[in-house]
Amino acid sequence: MKITICGSMAFFDEMLQVKQELEELGHSVKMPLTEITDNTGKVISVTQYYKLRNKITNEKSWVWDTKADAIRTHFEKIEWSDVIIVLNYTKNNIENYVGGNTFLEMGVAFHVDKPIYLLNKIPELAYKEELLGLKPIILNNNLKLIK
């Protein structure tokens with residue numbers, strides 16, 4: 001099966017681990033970018049970019065152009081896939097966190113009729129009803145349930 005991993009970049013290390021586990025189960029897996037080219041042409045890790053992005057307040061920064069490109073690229077990965085899996089761990093003291101960008105990705109998957117798997121339960125967030133409406137399949141941390 002072709003699977004695209006979605007989730008907060010704060011979970012990047014977990015994404016790498018889940019990608020490996022899914023590949024060991026025989027799946028083809030895509031995930032967010034691992035490297036970004038900065039405004040000087042230097043290639044930086046996505047974790048460096050994530051830390052930098054969290055500090056930038058200038059709306060005209062190259063950081064947001066790069067973010068827009070990353071969003072579009074990930075939407076294409078969702079279209080490529082048979083299903084998506086959302087890695088929703090604890091972040092900012094929110095158990096099973098699903099952030100804004102991941103919510104967008106889930107919306108794209110829903111729109112193109114791709115099953116949506118959540119690694120953990122649906123979080124208690126202001127948009128829980130919308131998450132429920134996307135009809136995700138809860139894995140309870142068991143990747144073998146992806147079918």
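Which one is modelled with the lowest pLDDT among residues in region 1-15 that are under 22 Å from residue 53 (Cβ atoms) and not in a helix (DSSP H, G or I)?
Looking at the filtered set, the residue picked out is 8.
Somewhere in region 35-55, is a residue surrounded by fewer than 19 Cβ atoms within 10 Å (Cβ to Cβ), touching a Leu at 6+ places or on another chain (Cβ under 7 Å), free of Cβ contacts under 8 Å to residues at least 40 places away in the same chain and among the β-branched types (Val, Ile, Thr)?
yes
What residue, among those in region 1-15 that are over 16 Å from residue 145 (Cα atoms) and not hydrophobic (A, V, I, L, M, F, W, C), is surrounded by the fewest Cβ atoms within 10 Å (Cβ to Cβ)?
Result: 13.
Could you list, ordered by first residue, the pairs with Cβ atoms under 7 Å in which the first is in region 129-140 and at negative phi and at pLDDT 95 or above and the second is charged (D, E, K, R) and in a loop (DSSP other than H, G, I, E, B), at least 6 apart or interchain?
138/121
Which residue pairs have Cβ atoms closer than 6 Å, lie 6 or more positions apart in sequence or on different chains, and pair a first residue in region 66-85 that is more than 24 Å from residue 135 (Cα to Cα) with a second residue that is modelled with pLDDT under 95?
66/36; 70/33
Take the residues in region 16-26 that are of a type in the set (D, E, K, R) and either in contact (Cβ under 8 Å) with a residue 12 or more places away in the chain or in a loop (DSSP other than H, G, I, E, B) (or both), then tell me which one is surrounded by the fewest Cβ atoms within 10 Å (Cβ to Cβ).
Of everything passing the filter in region 16-26, 21 is surrounded by the fewest Cβ atoms within 10 Å (Cβ to Cβ).
Does region 27-47 contain any residue that is among the hydrophobic types (A, V, I, L, M, F, W, C), modelled with pLDDT of 90 or more, part of a strand (DSSP E or B) and within 15 Å of the chain's Cα centre (by Cα)?
Yes.
The values are calculated or read from the model by the stated rules, or taken from the named source; none is laboratory data. All figures in this text were calculated on a predicted structure; none of them were measured in a lab. Virtual Cβ from ideal backbone geometry, glycine too; neighbours counted across all protein chains shown.
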